[in-house]
Amino acid sequence: MFNDIKDIDTSFFIFLNSLGAEKYDYFWISITQIYFWIPFYIILALILVKTFGKSLGKRIAMYAVFLLGVTILITESVRMIVGRIRPNNAGLEEVIRVLQFPVNNSFFSGHAANSFSLTTFFVMLLCRKSKWYVLLYLWPLLFSYSRIYVGVHYPSDILVGSIVGVLLGGSAYKILKRNSLLNNPT
């Protein structure tokens, strides 16, 4: 059964990766870079300050950085334990497009886990102000798909990373709320 799931995952990866075309490579290579999203991070920080004030906005931002650190720690720990080889190193070079060559393990996607944890945290914080904040999920969706496009993650890496990210982001929000930081901004 595990081999069947692995075969489906590989086939789905090959299909999604093959949708790429050279004319779109620059776009997806840019999307997959963390620095590409710096303007987005700045806008998010400004939204926090505008919504919660400077003092509480800064504390929430620091809490988000802590959340990111926890997410990275969990992701890297699981990667070391599981040791799954990336698709760009798994003998698929003849049938996939590879645009990046990271050397660490594949399972699960740090890009997916990190972006979904932060997005879930921010959406839960901000959605009472406006339902439009749910559109923030466009960031992790694009960011995560880019990892398949450039040839470095299987769909299951993305799926599990996304689930872990949503769970961590939701948990972080609940802890923040339970500790009354949002209700008692002093």
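So which of Leu138, Leu126, Leu99 is touching a residue at least 60 places away in the same chain (Cβ under 8 Å) and over 18 Å from Phe52 (Cα atoms)? Only one candidate qualifies: Leu99. Can you find a residue that is closer than 18 Å to Ser106 by Cα and either loosely packed, with under 14 Cβ neighbours inside 10 Å or not small (Gly, Ala, Ser) (or both) anywhere in segment 17-26? Yes, segment 17-26 contains at least one residue that is closer than 18 Å to Ser106 by Cα and either loosely packed, with under 14 Cβ neighbours inside 10 Å or not small (Gly, Ala, Ser) (or both).
Looking only at residues in segment 68-88 that are out of contact with any Phe, Trp or Tyr (no Cβ under 7 Å at 6 or more places or on another chain) and outside any helix (DSSP H, G or I), the one that is farthest from Thr32 (Cα to Cα) is Gly83. Note on segment 1-55: enclosed helices (runs of 4 or more DSSP H) holding 3 or more residues that are β-branched (Val, Ile, Thr) and free of Cβ contacts under 8 Å to residues at least 24 places away in the same chain are 38-52.
Conditions tested, residue by residue: (1) exposed (fewer than 11 other Cβ atoms within 10 Å of the Cβ); (2) touching an Asp or Glu at 6+ places or on another chain (Cβ under 9 Å); (3) closer than 14 Å to Val166 by Cβ.
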{"position": "Leu68", "(1), (2), (3)": "no, no, no"}
{"position": "Val103", "(1), (2), (3)": "yes, no, no"}
{"position": "Ser109", "(1), (2), (3)": "no, yes, yes"}
{"position": "Ser115", "(1), (2), (3)": "no, no, yes"}
{"position": "Met124", "(1), (2), (3)": "no, no, yes"}
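Against the list (1) touching a Leu at 6+ places or on another chain (Cβ under 7 Å); (2) within 20 Å of Val164 (Cβ to Cβ), the condition Ala61 fails is (2).
A short reminder: the numbers here are calculations on the coordinates, not readings from a lab. Bear in mind the structure is a predicted one, so any value in this text is a computation, not a measurement. Because the Cβ atoms are built from the backbone with ideal geometry, glycine has one as well, and the counts that use them run over all protein chains shown.
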